[in-house]
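Okay, structure first, notes after.
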Amino acid sequence: MRYENSAEIFEKAKKVIPGGVNSPVRAFGSVNKSYPIFAKKAKGSKIWCEDDNEYIDYICSWGPMILGHNNERVMAGVREAIEDGSSFGLPTKMEVELAELVIKCYPSIEKIRLTTSGTEATMAAVRLARAYTKKNKILKFEGCYHGHSDSLMVKAGSGLLTDGYQDSNGITQGTIKDTLTLPFGRMDLVKELFEKDDDIACIIMEPVPANMGIIETDAEFLKGVRELCTAKNSVLIFDEVISGFRLALGGAQELFGVTPDLTTLGKIIGGGYPVGAFGGKNELMDMIAPVGDVYHAGTLSGNPVSVRAGYETISELLENKDTLYKELKEKVNYITSNIEKISEKHNVPVCINKQGSLFTIFFTDKDEIKTLDDVIETDTEKYAKYFNVMLDSGVVTPPSKYEAHFVSAAHTKDDMDKTLEIMDKAFEEISKM
Ligand code: PMP
């Protein structure tokens, strides 16, 4: 593989953009690469970089590209929308159609508000929960990532973990004090906390954590937090920015049959363009301005091009839901069952966590990885070796064990077989470490 062009662009980038990237995980720092690959174009399951190397892509823009890159239907819709103008500062009919479509997929949502990112969606949902309950504190789980607003940057996952810390600098002690955190899955500790503290406005959680690598959810835990929130007049927020439209059309809430009060969405809802959303029962949503006094706004919220991309993506998912989700799961089962064989062959033990079209490979002797502490203990050096061999051989995987591999509808059997061949090589290299 040649990397000269990416390396050269990165040198220029570092002079004008902090760390040369606009989102930290893109820097590939955790895998000790001295530069990231700069993407040039993508189609289906493939991505090409500025050196014209071709890669099979398991990042999929961190989630939005469930149909693969540059999907024909989505692009046709986008082209049509662009012809009519880029942004109006006035409402459009397509926003209503997207809202209706989302509500059809999520029975827990009666009204929905569009944002420009997942971060804005979770930030607004937390504000709404505080207004509704008249309580101050929030509970989140260690290693879950809910975007980069102040109150949610405590014990967060994703890029922070990759860079070796969990709390961002620059947040007031007052804010930090109001964000309570507990290990994921520990219902006993959640109950204990609620016994001591009746000032908790909401529990915000990724129903299937995907930002400390994938953590396989225990359905009992979801049911437990649901019951507790109801009993204690606290709002349950499912952050389905990753899991929404991915684990099932109706997200983790459909898969596990547990109904949150508020849902946050992002990524797939914009089909690769900037969109987020939060929604729930009328009783809550009608507190949002201009109906109520909980403020939420955005110059580009509901941007017509993004909304059209999301509408086409979700329509395609809806029309194919009976086969598409099953096929995605089968693809992950095919890849992961073969990784297990490769792991045995080279005597490199792994624990693979998976859910639907998401999976993470943890290099560890342990049979189960259930909490952030478990994840932290898994082998980072081996993961870095895995990433580097894969990249050098034409497969781009997440650069950190704290992220998920994303499989799309565009990944073919041929892609998966090529990937497995290269994985075999990567595991052989790891066995020599
Ligand atoms: N919530 C979750 C579960 C996420 O994974 C992310 C982003 N990875 C966000 C919120 C924030 O979304 P965005 O990056 O669009 O602000």
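Coordinate-derived values only; no laboratory data. Remember, it's a predicted structure, so these values are computed and weren't measured experimentally. Because the Cβ atoms are built from the backbone with ideal geometry, glycine has one as well, and the counts that use them run over all protein chains shown.
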*Fraction of antiparallel bridges per DSSP, the range 220-317 only, in percent to nearest 5*: 45
*Based on a Kirkwood Rh over C-alpha pairs, give the Stokes-Einstein translational diffusion coefficient of the chain at 37 °C and viscosity 0.692 mPa s in µm²/s.*
148
*Please sort 211-218, 378-385 by packing, taking for each peptide the average over its residues of neighbouring beta carbons within 10 angstrom, highest first.*
211-218, 378-385
*Give the span of the range 1-107's Cα atoms along each principal axis, as three whole-Å numbers ordered largest to smallest.*
46, 30, 30
*Cα atoms only, the range 103-302: Rg and Dmax in Å?*
15.4, 43
_Cα gyration tensor shape of the range 208-336, rounded if a/c is under 1.5, else prolate or oblate by comparing a/b with b/c_ = oblate
*Alpha-carbon centroids, the range 365-430 and the range 139-197: separation in whole Å*: 27
*If you count, for each residue, the other Cβ atoms within 10 Å and average over each peptide, how do 289-300, 391-402 line up from highest to lowest?*
391-402, 289-300
*asked:* Need one number: % antiparallel among DSSP beta bridges in the range 103-302, to the nearest 5.
replied: 35
*Among T230, T162, T360, which one moves the most in a GNM of the chain with springs linking Cα atoms closer than 10 Å?*
T230
*Can you give the Rg to Rh ratio of the range 154-213, both from alpha-carbon atoms, with Rh computed by the Kirkwood formula?*
0.98
*Counting every Cα pair in the range 62-136, what percent are over 13 Å apart?*
79
*Pick from Y386, Y334, Y325: which residue has the top mean-square fluctuation in a GNM of the chain where Cα pairs under 10 Å get a spring?*
Y334
_Give me W62, W48 sorted ascending by neighbouring Cβ count inside 10 Å, so fewest comes first._
W48, W62
_Helix-only estimate, please: 222 nm mean residue ellipticity of the chain, summing -39500 (n - 2.57) across DSSP H runs of length 4 or more and dividing by its residues, to the nearest 500._
-12500 deg cm²/dmol
*Over the chain, what relative contact order in percent results from Cα pairs under 8 Å that are six or more residues apart?*
22
*First check a/c for the range 141-184, with a ≥ b ≥ c the square roots of the eigenvalues of its C-alpha gyration tensor; if it is under 1.5, answer rounded, and if not, answer prolate when a/b is larger than b/c or oblate otherwise.*
oblate
*Classify the range 168-278 as rounded, prolate or oblate, taking a ≥ b ≥ c as the square roots of the eigenvalues of its Cα gyration tensor: rounded when a/c is under 1.5, otherwise prolate if a/b is larger than b/c and oblate if not.*
oblate
*Output the antiparallel fraction of DSSP beta bridges having both residues in the chain, as a percent to the nearest 5.*
60
